[in-house]
């Protein structure tokens with residue numbers, strides 16, 4: 001800050017005109033240091049304010065109205081929320097969202113932890129290859145994943161049913177029942193995210209000081225004991241980070257079930273796999289005159305994510321400690 | 001003792017299995033994309049590529065219901081503009097947060113961290129209404145302008161600038177009479193280049209893969225690639241080889257990016273995880 005005024009004595013030369021010019025540059029320099037930071041952060045805050053923050057706040061306001069996105073709206077207080085509580089499709093979507101989240105996330109995190117632990121072996125050959133190969137699913141678009149998996153799980157000619165038939169299992173109509181559609185969708189999610197999470201956990205593992213392991217090894221602790229006594233406890237912050245990220249992403253599940261069900265926003269004929277995000281889309285965008293109700297669903301989803309994130313945070317901290 | 005540090009064959013077997021599971025759906029995608037329809041609708045399902053890719057992709061090109069080529073070009077344009085915007089705004093703001101002092105700096109930085117945690121779907125419906133008010137429905141503006149800034153980008157650049165640029169360097173530049181914007185251009189930007197490249201790659205891939213929002217505001221008349229793929233797969237779900245040919249072509253650009261820059265992308269993601 002003090003350097004912004006370079007009016008060193010030796011520069012203050014006797015002649016008058018140059019001195020005036022210099023004081024102007026000094027003033028400009030001061031203005032520059034004062035204003036520049038705000039100018040530099042302004043693009044983010046202006047655009048985020050208009051297209052991020054404002055719509056979010058407006059969601060809350062909208063949810064208190066009977067709102068038509070391209071028409072009239074009237075204030076109705078909390079009526080949308082009372083209606084939500086008695087809406088069986090809302091509860092169906094809630095059960096589906098939370099159910100698929102658990103079915104997808106629990107095995108995914110355990111598998112990611114296992115993979116990260118394997119990749120963390122000190123004398124592993126080809127580590128860059130392995131890292132890149134398990135990460136590659138994450139760079140595919142969800143739409144593409146949905147298309148490919150829908151075919152893998154196709155009833156008559158799909159690879160999965162063909163493999164199962166080898167085990168003597170009859171062809172499964174994967175999108176016709178709740179358990180089977182949840183399994184297929186959870187597998188899509190896990191295929192795309194397990195490697196990503198494994199790499200994040202691996203990064204956390206590599207930050208653990210090596211001498212802890214050496215000391216444990218000298219004390220005769222085996223590999224598994226080291227994993228449970230050193231790696232897991234030391235990994236808590238990273239694990240919390242991964243769990244929170246998975247929660248925020250997992251509860252907003254939308255594209256996988258949509259593409260899996262061939263674009264049906266209801267998620268199967270009996271809404272077997274409609275998520276809250278899909279229900280919000282159905283009410284708020286597919287039918288514009290119930291946008292207020294859609295906004296209430298969006299707000300409920302937001303609250304749910306906040307609550308689940310806090311619960312997960314507490315759970316992870318307690319179990320690992 | 002020695003036993004503990006040796007990598008057992010079981011480790012390799014498990015890892016190779018994970019690799020096969022990761023790669024198989026890609027392979028399968030190319031198998032179906034290069035097969036004729038009757039080969040697909042048979043038992044057992046095909047496991048090796050065929051020679052029908054040309055025919056299959058020709059059907060995609062002839063299909064004017066999904067505008068695949070337009071979607072491809074649109075995705076290229078949108079992803080490029082968003083990437084340039086996110087990197088420019090991210091480096092500027094990241095530099096300000098890391099190296100400049102101004103009133104309200106910490107509060108604003110905290111606001112950025114908080115916004116990274118808020119689920120994006122919360123504002124979806126009102127934003128859709130705004131797009132109608134602006135006349136941006138079915139226009140690329142709707143999937144570009146709201147996304148040329150990113151909280152993650154600002155935060156990542158701030159973290160990197162804090163440790164990569166010394167205060168002395170900036171002070172020296174000031175003593176030499178550099179204006180702040182010159183410092184940004186001549187000192188900060190070159191120093192941030194490795195991290196900015198990773199941010200650019202991540203942003204490009206993320207924008208390329210965006211689905212929910214483009215699906216909400218665009219139609220098959222003027223789609224992005226993902227929207228085009230979705231409509232193609234809904235309408236022609238019995239013509240798997242056509243849909244898969246399109247999907248494969250839409251996936252190849254990202255595979256190429258990953259082949260060339262995968263190491264940096266993974267490095268960036270792993271570094272970011274430890275710091276935040």
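The values are calculated or read from the model by the stated rules, or taken from the named source; none is laboratory data. Everything numeric here is computed off the predicted structure, so don't read it as measured data. Here the Cβ is made from the backbone with ideal geometry for all residues, glycine too, and neighbour counts use every protein chain on show.
Just a few scattered comments:
- Scanning the stretch A:167-183 for residues that are assigned to a helix (DSSP H, G or I) and either touching a strand residue (DSSP E or B) at 6+ places or on another chain (Cβ under 6 Å) or surrounded by fewer than 23 Cβ atoms within 10 Å (Cβ to Cβ) (or both) yields A:178, A:179, A:180, A:182, A:183.
- Of all the numbered requirements in (1) surrounded by fewer than 16 Cβ atoms within 10 Å (Cβ to Cβ); (2) more than 29 Å from residue A:249 (Cβ to Cβ), residue B:50 misses one, and that requirement is (1).
Yes/no per residue for (1) closer than 24 Å to residue A:62 by Cβ; (2) at pLDDT 90 or above:
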{"site": "A:252", "(1), (2)": "yes, yes"}
{"site": "A:257", "(1), (2)": "no, yes"}
{"site": "A:278", "(1), (2)": "yes, yes"}
{"site": "A:294", "(1), (2)": "yes, yes"}
{"site": "A:313", "(1), (2)": "no, no"}
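- Answer from A:315, A:301 - the residue that is out of contact with any strand residue (DSSP E or B) (no Cβ under 7 Å at 6 or more places or on another chain) and either under 22 Å from residue B:137 (Cα atoms) or more than 9 Å from chain B (Cβ to nearest Cβ) (or both): A:315
- Of the residues B:245, B:216, the single one that is in contact (Cβ under 8 Å) with a residue 60 or more places away in the chain, over 19 Å from the mean Cα position of the chain (by Cα) and surrounded by 20 or more Cβ atoms within 10 Å (Cβ to Cβ) is B:245.
- Top-ranked residue of the stretch B:219-238 - restricted to ones that are more than 16 Å from residue A:158 (Cβ to Cβ) and at pLDDT below 90, ranked as farthest from the other protein chains (Cβ to nearest Cβ): B:236
- Counting only helices (runs of 4 or more DSSP H) that sit wholly inside the stretch A:70-156, those with at least 1 residues that are more than 13 Å from chain B (Cβ to nearest Cβ) and either under 23 Å from the mean Cα position of the chain (by Cα) or farther than 23 Å from residue B:257 by Cβ (or both) are A:79-85, A:88-119.
- Only one of the listed residues (A:269, A:275) is within 20 Å of the chain's Cα centre (by Cα), more than 8 Å from chain B (Cβ to nearest Cβ) and at negative phi. That residue is A:275.
- Candidate set: the stretch B:79-101, residues that are closer than 14 Å to residue A:44 by Cβ and without any contact (Cβ under 8 Å) to a residue 60 or more places away in the chain; chosen: the one nearest to the chain's Cα centre (by Cα): B:88
Every residue, every condition in (1) closer than 23 Å to residue B:21 by Cα; (2) out of contact with any helix residue (DSSP H, G or I) (no Cβ under 9 Å at 6 or more places or on another chain); (3) buried (at least 21 other Cβ atoms within 10 Å of the Cβ), yes or no:
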| residue | (1), (2), (3) |
| --- | --- |
| A:197 | yes, no, yes |
| A:219 | no, yes, no |
| A:222 | no, no, no |
| A:245 | no, no, no |
| A:257 | yes, no, yes |
| A:263 | no, no, no |
| A:277 | no, no, yes |
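- Applying the set (1) more than 8 Å from chain A (Cβ to nearest Cβ); (2) farther than 19 Å from residue B:77 by Cα; (3) modelled with pLDDT of 95 or more to residue B:241 leaves exactly one unmet item: (3).
- Exclusive hit being surrounded by 20 or more Cβ atoms within 10 Å (Cβ to Cβ) and not in a helix (DSSP H, G or I), set B:143, B:154, B:149: B:149
- Unmet requirement for residue B:200, which otherwise passes all of (1) under 24 Å from residue B:145 (Cβ atoms); (2) within 12 Å of chain A (Cβ to nearest Cβ): (2)
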